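Colleague: One structure, as structure tokens, below. Some questions next.
Where a number appears in this text, it was derived from the coordinates with a stated rule and is not lab data. Since the structure is predicted, the reported quantities are computational estimates derived from the model, not experimental observations. Positions of Cβ are generated from backbone atoms using ideal geometry, with glycine treated the same way; all protein chains shown enter the neighbour counts.
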Amino acid sequence: MPVVGKGSTFMPELPEVEVTRRGIATALVGARIRAVVLGKPLRWPLGCDPARLVGRVFTAVGRRGKYLLLELDEGCLIVHLGMSGSLRWLVQPTEPGPHDHFDACTDRGTLRLHDPRRFGAVVHVASLQDPMACKLLGGLGVEPLSDDFQMRNWLLALRHSRQAIKQLLLSGRVVVGVGNIYACEALYRTGIRPSTPALRIGPARAHRLHAAIREVLAEAVNLGGSTLRDFASAHGHAGEFQRHAQVYGREGLPCRVCGTQVRMERQGQRSSFFCPRCQRP
């Protein structure tokens, strides 16, 4: 299994959030809230008196980037898992622990946010047109697994950016939810070095990267996401994608294709892993 380097971070990205969405959707839709229990303060406040949520019914479970959208018959709960959070669905809940900071107790079970570092949040908005919802969701790029991730717009975005391609992917401005491990793996599959300026990527490599992003994220979802520290699915299962990583977390180990040692370089606050032979600038 890849080892996370000292000082590196891993947060739930699109695959982990999508795995969570799928894990809670069936049980949650139609469930009526009986009580809401809050723990320690999270990144953003709930935004309403918890008593207002009692009696509300969950009507849909969506996702936008790394945000879960838990729609109610009145309003919506926007959930972000932060750096270390996970949502658990508990049919027979135990008492909340020291790192459990939000419980939605329903007539079917309890939805619990477990977040040791408390960078996550549960925010109530009246609608997705609410100013807070627009603040959180308004600047996000397109969904990479949707039909909105079109080649024409992708090529234009690369052509007009001097930013390193890895940094552009992580920014979420062009395409959303491509976290560090998935950006490293997609770039490896495409033979592009993470530090390559986006505008230097020609159409052929851009097409391959577009496909690789979709492939890597879809594989990660099917494997339950990645668990490098805290993430677990709604039913407590660890992700498996990290076991299949080609470069992420493999600094100093031989490339599985050419045998060259995998390198790690810092880009901003994140670690980039790549093969200096297989991945060209």
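Colleague: So if we plug the beta-carbon distance of Arg266 and Val91 into 1/(1 + (r/R0)^6) with R0 = 41 Å, what FRET efficiency do we get, rounded to 0.05? Write out the running numbers ahead of the final one.
Modeller: Values: r = 44 Å, r/R0 = 1.07.
Computed FRET efficiency for Arg266 and Val91 comes out at 0.40.
Colleague: Could you work out how much longer the chain between Val57 and Lys135 gets when fully extended? Use 0.36 nm per residue separation minus the Cα distance between them, nm to one decimal. Present the calculation step by step, with values, prior to reporting the outcome.
Modeller: Values: separation 78, 0.36 × 78 = 28.08 nm, distance 2.49 nm.
Extra length from Val57 to Lys135 when fully extended: 25.6 nm.
Colleague: Sort Val142, Val91 so the one with the fewest other Cβ atoms within 10 Å of its own Cβ comes first.
Modeller: Details: Val142 18, Val91 9.
So the residues, fewest neighbours to most, are Val91, Val142.
Colleague: Additional query: Could you order peptides 105-111, 180-186 by the average number of other Cβ atoms within 10 Å of their residues, highest first?
Modeller: Numbers: 105-111: 18.6, 180-186: 26.4.
The peptides rank, most packed first, as 180-186, 105-111.
Colleague: For a test of the definition: using alpha carbon positions, the gyration tensor, and the 1.5 limit on a/c, classify the stretch 25-68 as rounded, prolate or oblate. Could the numbers behind the result be given before it?
Modeller: Values: a/c = 2.26, a/b = 1.12, b/c = 2.01.
Oblate, since a/c reaches 1.5 and b/c is not below a/b.
Colleague: Just to be sure I understand: of the beta bridges DSSP finds with both ends in the chain, what percent are antiparallel, rounded to 5?
Modeller: On the way: 39 of 41 bridges.
Roughly 95 percent of the beta bridges in the chain run antiparallel, per DSSP.
Colleague: Label the stretch 14-137 by shape, choosing from rounded, prolate and oblate, from the square roots a ≥ b ≥ c of the eigenvalues of the Cα gyration tensor; if a/c is under 1.5 it is rounded, and otherwise prolate applies when a/b is larger than b/c, oblate when it is not.
Modeller: Values: a/c = 1.20, a/b = 1.06, b/c = 1.13.
Since a/c stays below 1.5, the shape of the stretch 14-137 is classed as rounded.
Colleague: For Ser146 and Asp73 in one chain, what is 0.36 nm times their gap in residues minus the Cα-Cα distance, to one decimal in nm?
Modeller: Numbers: separation 73, 0.36 × 73 = 26.28 nm, distance 2.63 nm.
This chain segment gains 23.6 nm when fully extended.
Colleague: Scan (i) 6, 24, 32, 23, 11, 3, 0, 0; (ii) 7, 28, 32, 21, 10, 2; (iii) 7, 28, 35, 21, 8, 1, 0 for the value of P(r) over Cα pairs in 10 Å bins from 0, in percent calculated from this model and give just the label.
Modeller: After the calculation, the listed value that fits is (ii).
Colleague: Restricting to DSSP H runs of at least four residues, report the calculated mean residue ellipticity at 222 nm for the chain, -39500 (n - 2.57) per run over all residues, nearest 500 deg cm²/dmol.
Modeller: Calculated from helices alone, the mean residue ellipticity at 222 nm is -7500 deg cm²/dmol.
Colleague: Name the residue, out of Leu14, Leu70, Leu253, whose mean-square fluctuation peaks in a Gaussian network model built on the chain with Cα pairs under 10 Å.
Modeller: Leu253
Colleague: For the stretch 14-137, what does the relative contact order come out to in percent, with C-alpha contacts under 8 Å and a separation of six or more? Display every interim value, and only then the final one.
Modeller: Working: 267 pairs, mean separation 36.6, N = 124.
For the stretch 14-137, the relative contact order is 29 percent.
Colleague: How would you rank Asp115, Asp147, Asp103, going from fewest to most other Cβ atoms within 10 Å of each one's own Cβ? It would help to have the intermediate numbers written out before the result.
Modeller: On the way: Asp115 27, Asp147 7, Asp103 21.
Result, fewest neighbours first: Asp147, Asp103, Asp115.
Colleague: Calculate, in nm to one decimal, what Cys258 and His99 gain on full extension: separation in residues at 0.36 nm each, minus their alpha carbon distance. Walk me through the intermediate numbers first.
Modeller: Numbers: separation 159, 0.36 × 159 = 57.24 nm, distance 4.40 nm.
My answer for the length gained is 52.8 nm.
Colleague: Among Ser84, Ser195, Ser161, which one shows the biggest mean-square fluctuation in a GNM of the chain, springs joining Cα atoms closer than 10 Å?
Modeller: Ser161
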